[in-house]
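The values are calculated or read from the model by the stated rules, or taken from the named source; none is laboratory data. As the structure is a prediction and not an experimental result, all values here were calculated from the model. We place every Cβ from the backbone using ideal geometry, glycine too, and count neighbours over all the protein chains shown. For the accessible areas, the whole protein counts, side chains as well, though only heavy atoms, and no ligand, DNA or RNA atoms are used. Shrake-Rupley method; radii C 1.70, N 1.55, O 1.52, S 1.80 Å.
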Amino acid sequence: MKEKYHNEKTFERKDFSGDKMEEADFEACNFVACDFSEADLSLMDFIDCHFTDCNLSLAKLNGTLFQDCNFQGCKMLGLKFENCNKFGLTVGFENCTLDNSSFYQVQMRNTKFINCHLHHVDFSETRLESSEFHECDLESAVFDGTY
């Protein structure tokens, strides 16, 4: 069982980078201008959370749950979403930079990517039914076997 449970809290300008973040569950929380770069978010649950202007680059996502989470204006370089908890993975991205990230074999139905930078992103064998890419830069993105 995780040590902490956070509900309906707002975290602003917090530095969770590196290994500083304690294992916890977050529900209906807002993260504003927080730094999660290279943080280990493994086995953490984020349910109905909003991330605004955060840096999640190179964070570890082993077993991480993102359910009904939205990311706006976030820097998310080199993330491996295929390592996330597959149960209930539902996310949306707006004005985010996801360069060099991977969604290999991830179920991402109805996912919205709005005005996102997606250079060299791997969508191989990803299930993207009814997903939307609006005004996105998909330079060198890979869609091999995507459906």
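Beta carbons closer than 6 Å, at least 6 apart along the sequence or on distinct chains, pair a first residue in segment 84-102 that is under 19 Å from Asp40 (Cα atoms) and in a loop (DSSP other than H, G, I, E, B) with a second that is small (Gly, Ala, Ser) and open to solvent by less than 50 Å² (accessible area, probe 1.4 Å) for Asn85/Gly63; Asn100/Gly78. One residue is enough: does segment 59-82 have a residue meeting the conditions open to solvent by 10 Å² or more (accessible area, probe 1.4 Å) and β-branched (Val, Ile, Thr)? Checking segment 59-82: not a single residue is open to solvent by 10 Å² or more (accessible area, probe 1.4 Å) and β-branched (Val, Ile, Thr).
Picking from Asn85, Asn30, Asn62, which residue would you name as being touching a helix residue (DSSP H, G or I) at 6+ places or on another chain (Cβ under 9 Å) and not small (Gly, Ala, Ser)? Show your work before the answer.
Working: Asn85 fails: touching a helix residue (DSSP H, G or I) at 6+ places or on another chain (Cβ under 9 Å); Asn30 fails: touching a helix residue (DSSP H, G or I) at 6+ places or on another chain (Cβ under 9 Å).
That would be Asn62, the only listed residue that is touching a helix residue (DSSP H, G or I) at 6+ places or on another chain (Cβ under 9 Å) and not small (Gly, Ala, Ser).
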